[in-house]
Amino acid sequence: MKNKLFPYICWLTAITFSLQLQAQNKVSAPMADVNLVIDNTLDSLNKARTSRPEAGSSRKGDNPVLFLVGNSTMRTGTLGNGNNGQWGWGYYAADYFDSNRITVENHALGGTSSRTFYNRLWPDVIKGVRPGDWVIIELGHNDNGPYDSGRARASIPGIGNDTLNVTIKETGVKETVYTYGEYMRRFIQDVKAKGAHPILFSLTPRNAWEDKDSTIITRVNKTFGLWAKQVAEEQHVPFIDLNDITARKFEKFGKNKVKYMFYIDRIHTSAFGAKVNAESAADGIRAYEGLELANYLKPVEKDTVTGSSRKEGRPVLFTIGDSTVRNEDKDKNGMWGWGSVIADEFNLNKISVENRAMAGRSARTFLDEGRWDKVYNALQPGDFVLIQFGHNDAGDINAGKARAELRGSGEESKVFLMEKTGKYQVIYTFGWYLRKFIMDVQEKGAIPIVLSHTPRNKWKDGKIERNTESFGKWTREAAEATGAYFIDLNKISADKLEKKGVKKAATYYNHDHTHTSLKGAHMNAKSIAEGLKKTDCPLKEYLK
């Protein structure tokens, strides 16, 4: 018991000492560390300095550099490489800028506050800043805890001129502590003195809601967001409310989707969340009137293909999946996917059909390659999506074809180092990816229908191979967990093939035991239509 209490006794002693100091100096109490997340990055500064870029080293000729200054929400961990499954948005920020005209350097470091970054890291960063450069500053997540012990990183709340002279208990180092606003002023003034352009950002949002039943993300507009805005106005520099821009997106996503925007805790983002924040940063820069930095952004890409079959007043049926859904689909004697013939089952005067599947893809790689994003962005209320994966979702996860997921339909995940790219990636279960597709469709007001994958032409004792204890089971579980419609395509088509027998069944395949002939593709499409008729899914109203 003594050992368990010891850290708390030390913490209470430190707080008491800090309170005595602030009473002597008449300053506000430090912000409470409500996050209770330990980030030890700052404790390994020597390693951090070797992994962070040398300021200005990315510069191309006389082009400007965009410097990013922040904490772990901008650059997670010492290396910032996602090896713990967490990513900062600074990693993806460069994707939005024209690298031939400007380069982006992420100088953020996890665990830093406005105070510790300014004192320990800023001198090295400002050395590389030249006239015409840009510096984005987003700090505040760590401006809490004791002033003079432990991590000793708190700034005085507010934007006033208060100061506090402290002696760090563990080291004996003397230091003057300023307000959060004063540190922001110093960043701004240093950047301006170099002839460069500072921009203040509010903090990234946490996965924190107003209350358990609320659909509103908690903002920082009464503390750090407000203070950053006030200092920006006072110093006549741009302020971009990243907190609000992303929070609005999260509120549209809903709580279940927002959960996987974060990894391990409610502060540090997954790759999904980091990409949303990077996009929000670009959105904020683009929307800020007269901000010249926007001229360096890449044009917003517009997909004019996905959803192009849409006719006013009519829904679109999208199909996604692998080669059993979309194959060569040209030669009548070649390989065909059911997604290229399923339009024959529908009244095309009432609905259009788009086959967005891609051969060789698993649920995971369909998402990773951005193929799902195109469908997601094209979805409108009342649309439908047929989802079928499973053929390519087994095998190697991080080597070889590297397209498999974890087995099952649970919430498990694991970080892998991908051999081909040398990058870390969080891999989830097969069912998790299906649930993501389903929830994304539902979020858009469209209707998802998931299918167990088509049967393979593999037999044993007169029975065709089924997937009832693996991918078929996990697909059903994903549908049940999300309230999506489920059609057991594997069973419906397998039952038909068993009635035909081994010899006749072979005519429904082409090239191997997985890929279907045109005849087989039509059979699977008809099986889907038959399955639809047995449900109460509105899509069946569009069948011929």
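Read-outs throughout are calculated quantities, based only on the coordinates presented, and are distinct from any laboratory measurement. Note that the structure is a prediction, hence the values are computed from the model and not measured. Quick reminder, even Gly has a Cβ in these numbers, built from the backbone with ideal geometry, and neighbours come from all protein chains shown.
Side notes on the structure shown:
- Peptides 129-138, 178-187, 64-73, 259-268, ordered by how many other C-beta atoms sit within 10 Å of their residues on average, highest first, read 64-73, 178-187, 129-138, 259-268.
- In the structure shown, the pairs Lys500/Lys544; Lys255/Lys414; Lys463/Lys544 are assessed against 24 Å; a Cα-Cα span above that value is assigned to Lys500/Lys544; Lys463/Lys544.
- Gap separating the Cα centres of the stretch 333-367 and the stretch 422-474, nearest whole Å: 16
- Across Lys212/Lys374; Lys302/Lys420; Lys222/Lys257; Lys249/Lys298; Lys499/Lys533; Lys401/Lys444, pairs whose alpha-carbon gap is larger than 24 Å: Lys212/Lys374; Lys302/Lys420; Lys222/Lys257; Lys401/Lys444
- FRET efficiency, Asp211 to Ala287 (Cβ-Cβ, R0 30 Å, nearest 0.05): 0.50
- Within the shell defined by Cβ-Cβ distances under 11 Å, the residues around Tyr91 carry a net charge of +2, with Lys and Arg each +1 and Asp and Glu each -1.
- Charge dipole (the chain, unit charges on Cβ, about Cα centre) - positive-most of Ser58, Val276, His515: His515
- Mean Cβ count within 10 Å, highest first, over the residues of peptides 297-303, 532-538: 532-538, 297-303
- Sites Arg407 and Arg186 - FRET efficiency at Förster radius 41 Å, r taken between beta-carbons, to 0.05: 0.20
- Put the Cα centre of the stretch 188-221 next to the Cα centre of the stretch 158-187 and the gap is 21 Å.
- Mean Cα-pair separation over length for the stretch 300-386, i.e. relative contact order, pairs under 8 Å, 6 or more apart, %: 40
- Candidate values [x] 27.8, 92; [y] 23.7, 74; [z] 27.9, 104, label of the one derived for Rg and Dmax of the Cα atoms in Å: [x]
- Ranked Asp488, Asp62, Asp393, Asp98, criterion: other C-beta atoms within 10 Å, fewest first: Asp62, Asp98, Asp488, Asp393
- When only Cα pairs below 8 angstrom with a gap of at least 6 residues are kept, the stretch 319-451 shows a relative contact order of 24 percent.
- C-alpha long axis of helix 180-193 to longest principal axis of the chain, angle in °: 90
- By the rule of a C-alpha distance below 13 Å, with chain neighbours fewer than 8 residues away ignored, the aspartates and glutamates paired with Lys127 are Glu54, Asp190.
- Burial ordering of Thr324, Thr103, fewest other beta-carbon atoms within 10 Å first: Thr103, Thr324
- With the simple model of a label 7 Å out from the Cα in the direction of the Cβ, Glu465 to Val502 spans 1.5 nm.
- Nearest 10 degrees, 0 to 90: helix 224-235 Cα axis against the chain principal axis: 60
- Inter-probe distance in nm under a simple model that places probes 7 Å from Cα toward Cβ, at Thr163 and Lys252: 4.7
- Taking amide H as placed 1.01 Å from N in the peptide plane, the amide H of Tyr509 sits under 5 Å from that of Ser517, each at least 5 places away or on another chain.
- Mean Cβ neighbour count within 10 Å, used as a protection proxy, ranking 209-215, 281-287, 525-531, 366-372 highest first: 525-531, 281-287, 366-372, 209-215
- Between amide H atoms placed 1.01 Å from N, distances below 5 Å from Phe318 occur with Glu354, Phe384, Val385, Leu386, all of them 5 or more places distant or on a separate chain.
- Compared with the dominant Cα axis of the chain, that is its longest principal axis, helix 471-482 is turned about 60°.
- The chain, relative contact order in percent, only Cα pairs under 8 angstrom and at least six apart counted: 11
- Structure-based [θ]222 nm, the chain - -39500 (n - 2.57) summed over DSSP H runs of at least 4, per residue, nearest 500: -10000 deg cm²/dmol
- Couplings 3J(HN,Hα) of the stretch 349-360, computed from phi: 7, 10, 8, 10, 10, 10, 8, 9, 5, 8, 4, x Hz, in residue order, whole Hz [Karplus 6.51 cos²θ - 1.76 cosθ + 1.60, θ = phi - 60°; x for Gly and Pro].
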